Amino acid sequence: MTTTRFAPSPTGYIHVGNLRTALMNYLIARKAGGTFILRIDDTDPERSKEEYVDAIKQDLEWLGLEWDRVERQSERLDRYHAAADKLREIGRFYEAFETPTELDLKRKKQLNMGKPPVYDRAALALSEDEKAALRAERGDGVWRFKLDHARIEWADGILGDISIDAASVSDPVLIRGDGQFLYTLASVVDDTEFGVTHVVRGSDHVTNTATQIQIIEALGGSVPEFAHHSLLTGPQGEALSKRLGTLALRDLREQGVQPMALLSLMARLGSSDPVELRSDMAELIEGFDINRFGAAPTKFDVQDLFPLTARYLQSLPLDAVQAQVDALGVPAEKQAAFWDMAKENITTLKDLEGWWTLCRDGAEPLIADEDKDFIAEAMALLPDGPYDANTWGTWTSAVKEATGRKGKSLFMPLRHAVTGMERGPDMSALLALMETVRAKG
Ligand code: GLU
């Protein structure tokens, strides 16, 4: 059975980069009728915060990315201990005592000699007495996984065939000196025990994957399928990492971006299929194929979300936005006509308020000096409300008759005077909704 997981660390709000990972894993699970796990990677007690756990859940709920199961790494420490014991038993785990400064020095020396900065495994040569002495002097060491120096290969769902020489990678530290389990071990144990079959994550994890494959094999687990998506860049190809803080999902929600617009973009961006606005999750699942994604960095422009949001809103019936329309105080009998008029003229739902204010309170008229007399004459011909869908037609005919104006010189000054705007919605529809026309005085 297909099982995927999204595994954020609760150390901040999730952003568009995380969403790419979450969505791909979600869609793979749903497409296969499998299980999608939300795994909270909270083994770091200093940096993990409960408020971020809540925020991650809220953001995923907002998008409709429902998980079937939640797991927390902080509740699974006994499992990680058991795995560590097993690695010790089979001789693949060793304690090392170098300080960060010593490691740094070693790396610099290697680089000076033109060698790759790979940990030299000096700790493997320590006798038990030497280790005891170091432990007494420096406290517990870190625990490193002893890689098997062979090539590590996998068929990546996005990158294609990957082959990494394990000798070019340092034996990864899986437990810190203070006993904290690091992500690599915790992730491997969880993926194995939860039966995760597919792991999609960012291409910054490729080296992790290589070492994780060996750890999984050492622990007797089965290796999932891996796919590494490219990292997002800004519209000009610039690194996005520094700006991701401003691209948190909650900020986009705050700006009025619609979930379906965001999901539609992210489900296709960086793939060979065009971005298409989807109306619901079922369509999104149907149209998704991980193998269509490419390895090249993917450009993301937050501005692309707004036209998609506008188009999505245009497709909605009134009942989908009932709560927002109610909240504005639009009277029940006007709601359907209001939504029909407004949906064609908004980018996000935040724009609805402006339209309703215009309908309810009217607008500061826009009257050119040369049109002053014309508008005064026209306004005298505008009946008192309530207006309806025929008012504009009847009124403009009467004004035409009385003033002899026609076409643009008739309609435009009237539009400007009634709406205070140069252009806008169909005037029959708009005037029918207006409760006040300020130019009428
Ligand atoms: N918590 C890890 C991260 O945020 C998970 C990576 C993974 O998917 O294995 O990078």
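Read-outs throughout are calculated quantities, based only on the coordinates presented, and are distinct from any laboratory measurement. Owing to the predicted nature of the structure, the values given are computational and were not obtained by experimental measurement. Please note: Cβ atoms are built from the backbone with ideal geometry, for glycine as well, and neighbour counts cover all protein chains shown.
Hey, fewest Cβ within 10 Å first, where do Val196, Val142, Val53 land in order? If you can, show how the numbers build up before the last one.
Working: Val196 24, Val142 20, Val53 17.
Ordered from fewest to most neighbouring Cβ atoms within 10 Å, Val196, Val142, Val53 come out as Val53, Val142, Val196.
As a check on your grasp of the helix formula, calculate [θ] at 222 nm for the chain: sum -39500 (n - 2.57) over DSSP H runs of n ≥ 4, divide by the residue count, round to the nearest 500.
Calculated mean residue ellipticity at 222 nm is -13000 deg cm²/dmol.
At Arg250 and Ser163, where each label point lies 7 Å from the Cα along Cα→Cβ, what is the point-to-point distance in nanometres?
4.8
Glu364 to Glu89: extension gain in nm, 0.36 nm per residue of separation minus the Cα-Cα distance? Walk me through the numbers on the way to the answer.
Values: separation 275, 0.36 × 275 = 99.00 nm, distance 8.11 nm.
Result for the pair: 90.9 nm of gain on full extension.
Within the P(r) computed for the range 22-66, what percentage of the Cα pairs occupies the region above 15 Å? It would help to have the intermediate numbers written out before the result.
Details: 492 of 990 pairs.
Everything past 15 Å amounts to 50 percent.
Please report, in cubic angstrom per residue, the volume enclosed by the convex hull of the alpha-carbon atoms of the range 1-105.
Details: hull volume 16.8 nm³, N = 105.
Spread over its residues, the Cα hull of the range 1-105 gives 160 Å³ apiece.
With r defined as the distance between the Cβ atoms of Thr436 and Lys242 and R0 fixed at 41 Å, what FRET efficiency is calculated, to the nearest 0.05? Numbers along the way, then the final one.
Details: r = 48 Å, r/R0 = 1.18.
About 0.25, to the nearest 0.05.
Could you give me the percent of Cα pairs per 5 Å distance bin for the range 131-232, shortest bin first, beginning at zero and ending with the bin that holds the maximum distance?
Reading upward from the zero bin: 2, 12, 21, 21, 19, 11, 6, 4, 3, 1.
Taking a virtual spin label 7 Å from the Cα of Glu353 along the C-beta vector, which residues in the range 302-334 bring their backbone nitrogen under 15 Å of it?
324-330
Any chance you could run the full-extension gain for Ala32 through Arg151? It's 0.36 nm times the residue separation minus the Cα-Cα distance, nm to one decimal.
Length difference between fully extended and current span is 39.7 nm.
In nm, to one decimal, how far is the modelled label at Glu50 from the one at Asp280, with both set 7 Å along Cα→Cβ?
That separation, rounded to one decimal, is 3.7 nm.
Hey, any idea what Rg/Rh is for the range 107-176, computing Rh the Kirkwood way over Cα pairs? Walk me through the numbers on the way to the answer.
Working: Rg = 16.0 Å, Rh = 14.6 Å.
Result: Rg/Rh = 1.09.
What shape does the range 364-441 have by the C-alpha gyration tensor, where a ≥ b ≥ c are the square roots of the eigenvalues, rounded means a/c under 1.5, and otherwise prolate means a/b greater than b/c and oblate the rest?
Values: a/c = 1.36, a/b = 1.19, b/c = 1.15.
It comes out rounded by the Cα gyration axes.
Mind checking which of Leu105, Leu349, Leu252 has the largest fluctuation in a GNM of the chain, springs on alpha carbons under 10 Å?
Leu105
So how far apart, in nm, are the two label points at Val70 and Thr99 if each is 7 Å from Cα heading toward Cβ?
4.2
List the pairs from Lys31/Lys57; Lys49/Lys106; Lys49/Lys109 whose alpha-carbon separation is above 32 Å, in the order I gave them. Before the final figure, lay out each step's value.
Details: Lys31/Lys57 22 Å; Lys49/Lys106 35 Å; Lys49/Lys109 39 Å.
The pairs that break the limit, which is 32 Å between Cα atoms, are Lys49/Lys106; Lys49/Lys109.
Separation of the range 206-224 and the range 12-49 by C-alpha centroid, Å?
20
What angle, in degrees between 0 and 90 and rounded to the nearest 10, separates the Cα long axis of helix 183-193 from the longest principal axis of the Cα atoms of the chain?
90
What are the aspartates and glutamates whose alpha-carbon lies under 15 Å from the alpha-carbon of Lys406, with same-chain residues fewer than 8 places away excluded?
Asp371, Glu377
Calculate, in nm to one decimal, what Lys57 and Ala295 gain on full extension: separation in residues at 0.36 nm each, minus their alpha carbon distance.
Values: separation 238, 0.36 × 238 = 85.68 nm, distance 2.91 nm.
Length gained between Lys57 and Ala295: 82.8 nm.
Set the Förster radius R0 to 51 Å, insert the Cβ-Cβ distance between Arg311 and Ala376 as r into 1/(1 + (r/R0)^6), and round the FRET efficiency to 0.05.
Details: r = 41 Å, r/R0 = 0.81.
According to the calculation, E is roughly 0.80.
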